Amino acid sequence: MKITIMHDPNITEPEITVKYGYLDNELEDVLTYISLADNRMAGNLNGETHFIRIADILYFETVDRRVFFYTSDRTFETKMKIYQIEEKLLNTPFSRVSKSAIVNLKKVKCINSESYSRLCATLVNGEKVIVSRQYLNTIKEKLGV
């Protein structure tokens, strides 16, 4: 992959142009990162609204009809419903892993088999998320397992 970076003092807003003959996994990862780099999710923590980069979110989870998202060190609540988040994050590394959770697959450190045909995904911060049977094949395919 050839990368060219140019400084032009006449440019008022950065612009990224990607030219390619075919789309491979490496380029797809770069495009995903670029598209998520400026995307943010509003989350509430201690009465304050924070705007967190989507790329920094490990996973989303529904608990008692409330939706939370987790970074490596904090937990935020969002007003969005889990299905709305899933729709917003189509064509990103995020994937539904159970009825109540969506995981950033780029933040999965390892997986191992659990009982009843389920997987346990360990995230980069050590947290574990269960992948239910319904989503097992999709997740294995996306992770290349």
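The values are calculated or read from the model by the stated rules, or taken from the named source; none is laboratory data. What you see is a predicted model, and the numbers here were worked out from it, not measured in a lab. Backbone-built Cβ (ideal geometry, glycine too); neighbour counts: all protein chains shown. Note: areas computed on protein heavy atoms with side chains; ligands, DNA, RNA excluded. Shrake-Rupley method; radii C 1.70, N 1.55, O 1.52, S 1.80 Å.
The table below gives the values:
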item: Residue in the range 112-145 that is least open to solvent (accessible area, probe 1.4 Å), counting only those that are over 13 Å from PRO93 (Cβ atoms) and among the basic types (Lys, Arg); result: LYS140
item: Residue in the range 76-95 that is nearest to GLU28 (Cα to Cα), counting only those that are open to solvent by 60 Å² or more (accessible area, probe 1.4 Å) and of a type outside the set (A, V, I, L, M); result: ASN91
item: Positions within the range 112-124 being in contact with a strand residue (DSSP E or B) (Cβ under 8 Å, 6 or more places away or on another chain) and not in a strand (DSSP E or B), in sequence order; result: VAL124
item: Qualifying residues in the range 42-69 (those that are assigned to a strand (DSSP E or B), open to solvent by less than 30 Å² (accessible area, probe 1.4 Å) and in contact (Cβ under 8 Å) with a residue 40 or more places away in the chain) - the one farthest from VAL124 (Cα to Cα); result: PHE60
item: Cβ-Cβ under 9 Å pairs, at least 6 apart or on other chains, the range 71-97 side on the phi > 0 side of the Ramachandran plot, far side open to solvent by less than 70 Å² (accessible area, probe 1.4 Å); result: ASN91/THR32; ASN91/SER35
item: Any hit, the range 14-29, residues being at positive phi, loosely packed, with under 13 Cβ neighbours inside 10 Å, free of Cβ contacts under 8 Å to residues at least 12 places away in the same chain and of a type outside the set (A, V, I, L, M); result: no
item: Hey, LYS109 surrounded by fewer than 16 Cβ atoms within 10 Å (Cβ to Cβ) and in a strand (DSSP E or B) or not; result: yes
item: Matching residues, the range 65-75, being of a type outside the set (D, E, K, R) and either within 13 Å of ARG40 (Cα to Cα) or out of contact with any strand residue (DSSP E or B) (no Cβ under 7 Å at 6 or more places or on another chain) (or both); result: PHE69, THR71, SER72
